[in-house]
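For reference, the structure is listed below as C-alpha cells.
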Amino acid sequence: MKQEFTLSIYSENHVGLLNQVTTVFTRRHINIESLNTSESAIKGIHKYTVVVFATREQVDKLALQIEKKVDVIKVFVFTADEIIHQEIALYKVPTEALLNGNEIERLVRKHGARILEVTTKYTVIEKTGHQYETQELFEKLDHYGVSQFVRSGRVAVTKLDQELLNEHIKKLEDQKTLLD
Amino acid sequence: MSLETLQITFKEDKEMGTDNIQKKRMTGSEAVMQSLIHEGVKMIFGYPGGAIMPIYDALYDYHSQLHHILTRHEQGALHAAQGYARATGDVGVCFVTSGPGATNAITGIADAQIDSTPLVVISGQVASPLLGTDAFQETDVVGISQPITKWNYQVKNVEEIPEAIARAFYIARSGRPGPVLIDITKDAQFAELDFEYKKVEKIRSYIPVTKTDEEKVAEAAQLINLAKKPLVLVGQGVILAEAEKDLMSLLEKTGMPAAWTLLGMSAMPTDHPLNVGMLGMHGNYGPNIKTNDADLIIALGMRFDDRVTGNVQKYATNAKVIHFEIDPAEINKIIYADVPVLGDIKESLPMLVEKVAANKHEAWVEEFRACDRIEDEKIIKNELYPTKEGLTMGEVVRRVTEQFNDEAILVTDVGQHQMMASRYFKFKHSRSVVTSGGLGTMGFGLPAALGAQLGQPDRAVCVFVGDGGFQMTIQELGTIWQTKAPVKIILLNNNFLGMVRQWQEMFFDKRYASTELINPDFQMITRGYGIACEKVEKREDLDGAIKRMAETDGPFLLEVVVEKEGNVLPMVPAGAAVNEIRLE
C-alpha cells in the first residue's frame with residue numbers, strides 16, 4: 001500500500017549531489033512530492049528532506065540505493081507520525097482587497113499567518129504549517145484574488161530523543177577503528 | 001632553469017620547511033602521470049584529442065613507466081581496460097578526450113558499472129572558463145556518466161589532481177568495485193602545483209565493506225547443517241574477493257552442489273564433482289530445475305539477475321535463502337534473504353567453513369547428474385557430436401578449449417556464441433573469463449580480449465565473436481595488429497544476428513525482421529590488418545585449423561561457418577519459472 005514517507009538524506013556538500021540523489025528517484029519512477037535542502041546541524045553535512053508516496057518496500061530499497069552513492073552519508077526513512085514537520089507558504093494579494101473590509105485580516109489572524117509586506121499595490125502574507133493548512137488558507141484568500149502563491153518543501157525533525165545522524169557518525173568511526 | 005626560477009624554488013623550500021621538501025613543482029598533466037605511477041598503474045588504454053593533449057604530452061616523457069595502448073575508438077579503449085581489469089584483478093585505466101571522446105566511453109563505463117569492474121577513466125575537458133558555453137567538444141560528461149559510475153568528479157583546480165586520482169583508485173577498487181570518472185579541464189592540466197601524493201584509505205561518507213556479523217554466519221551454518229537439499233550459487237563476488245579456495249573448502253566439507261552465474265564462471269574447475277553447471281536462461285537443466293526443489297539456497301556474491309531467476313514469484317519456491325553479499329543494496333532487492341550476511345566474502349566464508357558440519361549430499365547431487373543425462377541426451381550430444389552436416393557452435397567451442405588444455409582465458413562477445421562458449425568452454429583456473437554480463441554489450445569481445453591478453457601475456461586468450469558483434473568493434477583488429485597481442489579470435493559466422501533470430505523464431509512467428517546479414521569477406525579484411533587467418537566450412541577441416549591457430553605465435557583469426565539457424569538450448573523463456581526450462 002502506498003503511503004507518505006519523509007526521507008532525511010545526509011550527504012557531503014558537493015556540487016552535483018542533488019542530481020545524484022534525484023536520479024535514483026527518477027530511475028525508479030518515484031515522484032518527488034516535495035524537496036528541501038539545507039545545511040544540517042553538523043558543519044559540512046547537507047540535509048535533503050524529501051517527501052514521496054510509495055510502498056514501504058519501494059522506499060526501503062530506494063534508501064539503500066541512495067546510500068550507495070559514495071558521497072551520501074546516511075538515509076533515514078520516516079512516516080508522518082515519527083516527525084515534526086512544517087512547510088512555509090507565501091500569498092500575494094491586491095492591497096485593494098484588504099482595504100474593502102477586514103475579512104482578510106480576520107483570516108490572517110485565524111490561520112496564524114502574518115503579513116510580511118504591504119505596498120499600495122499588493123500585500124504579502126506568510127503562513128507556516130502542514131500542507132493542508134497552507135492550502136486551506138490559499139483557498140480562502142483566493143476569493144479575494146491571490147496573484148501569486150508558493151509553498152516550500154517540507155522541513156522535518158524527528159520526535160526521537162536520540163540523534164540518529166550523530167549516532168551513525170559515531171558508529172562509522174567505531175567501525176573504522178575496528179577495521180584498522 | 002633560470003636564475004629567477006631557482007630563486008623562487010629556494011624561497012619556497014625555505015618557507016615550506018623540511019617536512020615538505022619532497023614536494024615537487026610540476027604541471028597538472030605531469031601530476032596525473034605521477035599519481036598513476038603511485039597507484040601502481042602500468043598500462044593505459046586511450047585515444048587522444050584536443051582537450052586531453054597536455055596529458056598526452058606529459059605521457060610522452062613517461063612511456064617507459066606507463067605503457068599506452070592506442071585503440072581505434074574510445075569504446076575499444078574502455079572494453080580493453082575492462083578485459084585487462086577482469087583478467088588481472090587490477091584497476092583498468094583509460095584516457096579519453098572531451099565531447100565525443102567522453103561520450104564514446106559511456107557504453108564501456110555502463111558495462112563496467114553493472115559488472116562491478118574497477119576502472120579509472122580520465123577525460124579531458126574544455127578549459128574551465130568555457131564550461132557551460134557549448135564550447136567546441138564540450139559535453140557534460142560528469143552529468144552524463146553520473147548514474148553509471150561508482151563515483152565521478154570534475155577537476156578545475158590543478159591542486160585537486162592528486163587527491164581526486166587517489167580517491168578514484170580507492171573507490172574503484174574497494175568494496176564492490178566499479179568505474180570512476182575524473183574529468184580534468186584543460187587549464188588544470190596546464191597549470192602547475194606542488195605535487196605530493198597521499199593514498200586515500202578512508203572516506204567519511206563511504207563504507208566499502210561492512211564488518212561480518214558472526215551471528216549471521218552462525219545462523220547460516222545452522223541452516224546449512226539442517227538442509228537436505230542445499231544449493232550453492234556462485235557469483236563473481238567469489239572471484240573479486242579471491243575466495244575460490246574458501247569456496248572449495250565449503251563445498252568439500254559440506255558436500256553441497258554448486259552452480260554458477262555467467263560472471264561466476266571459472267570460480268571452480270569445470271570438472272569438479274560438486275560443480276553442477278551454469279544457472280539461468282541458457283544455463284544447464286539441473287541447476288535451473290533443481291532450484292525449485294532445493295530447500296536452501298546459499299547465494300555467494302551474486303545479485304539474482306533476472307536472467308538467473310526467471311519469474312521471481314516462482315523462484316526457489318521451497319527454499320530458504322542465505323545471501324552473502326558485499327553491497328547492502330543487493331540484499332532483498334530481488335529475492336528476500338532469510339539470512340543476509342553482509343561483508344567481504346573473503347572474511348565470511350572461512351568463518352562459515354569453520355562453523356558448518358562435515359556432511360555429504362550424494363543422493364541430492366545424483367539428482368543433478370540425472371538431469372545432466374537428460375540434457376546430454378536431448379541437447380549436448382547433438383551440439384558436441386552432431387550427426388547433421390552443418391558445424392555447430394558448441395563443437396567449435398569444445399575443440400578450441402581442448403586444444404588449449406582447458407587452460408585458456410575465455411573472452412566472448414554477446415549473443416548465441418556467448419552462451420555456447422559459456423556452456424561448453426572448460427576451466428581449470430579461476431579468473432579465466434571476460435564477458436559482458438549485465439549490460440550485454442555487443443562489440444565487447446574483441447577489445448576486451450586485447451586487454452585481457454596484454455594483462456596476462458603468458459596465458460592463451462581465446463575470444464569468441466559472432467559476425468554481428470565482430471563488426472561493431474572490428475577496427476580494433478588494428479590495435480591487435482599494432483600491439484602484436486597474440487589473441488586467438490574465433491569468429492562463429494552464421495550470417496545472422498543469431499540470438500535475436502532465435503527469439504524471432506521462438507516468440508515472433510519466425511518473422512526475421514532485420515536480422516540477416518550480408519557480410520563482407522572477413523578473411524580479406526583480416527589479411528588487410530596483417531593478421532593471420534583461416535576459414536573453415538567443413539567439419540574435417542576444423543581440428544587442423546584450430547591446431548594451426550594454437551601454434552601461431554601472433555594473433556590469429558579463425559572464421560568458422562556454422563549452421564545458419566542453430567538455437568541455444570535449453571532455455572528458460574523470459575518471464576517463465578526456472579523449472580519451466582525448455583529442452584526443445
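Brief remarks follow.
- Of all DSSP-defined beta bridges confined to the stretch B:389-562, some 5% are antiparallel rather than parallel.
- Anisotropy class of the stretch B:104-191 from Cα gyration tensor, a/c 1.5 cut: oblate
- Ordering A:R28, B:R86 by the number of other Cβ atoms within 10 Å of each residue's own Cβ, fewest first, gives A:R28, B:R86.
- Amide hydrogen proximity for B:N359: with H placed 1.01 Å from N in the peptide plane, the residues at 5 or more positions away or on another chain lying under 5 Å are B:T254, B:G255.
- Gap separating the Cα centres of the stretch B:389-468 and the stretch B:45-61, nearest whole Å: 32 Å
- Taking other C-beta atoms within 10 angstrom as a stand-in for reagent exposure, A:K43, B:K253 fall in the order A:K43, B:K253, fewest first.
- Counting only aspartates and glutamates at least 8 places from A:K127 when in the same chain, those with an alpha carbon closer than 17 Å to its own are A:E87, A:E103, A:E105, A:E117, A:E136, A:E139, A:D142.
- Rounded if a/c under 1.5, otherwise prolate or oblate - chain B, Cα gyration tensor axes: oblate
- Exposure proxy order (Cβ contacts within 10 Å, fewest to most) of B:S116, B:S205: B:S205, B:S116
- Here's the list of lysines a cross-link from B:K484 could span, going by alpha-carbon distance under 25 Å and ignoring same-chain residues fewer than 8 apart: B:K42, B:K535, B:K547.
- Couplings for the stretch A:30-42, taken from phi via the Karplus curve 6.51 cos²θ - 1.76 cosθ + 1.60 with θ = phi - 60°, read 10, 6, 8, 6, 7, 8, 9, 10, 6, 6, 8, 5, 9 Hz in order; Gly and Pro are left as x.
- Bridging of B:K426 to aspartates and glutamates at a Cα separation below 13 Å is possible for B:D271, B:E395, B:E402, B:D406, B:E407, once same-chain residues fewer than 8 apart are set aside.
- Tensor-based shape of the stretch B:3-195 (alpha-carbon gyration tensor, a/c under 1.5 rounded, otherwise prolate or oblate): prolate
Each reported figure results from applying straightforward, stated rules to the coordinates on display, with no laboratory input. Predicted model, so just to flag it, every value in this text is computed and none were measured. Glycine gets a Cβ as well: all are built from the backbone with ideal geometry, and neighbour counts include every protein chain shown.
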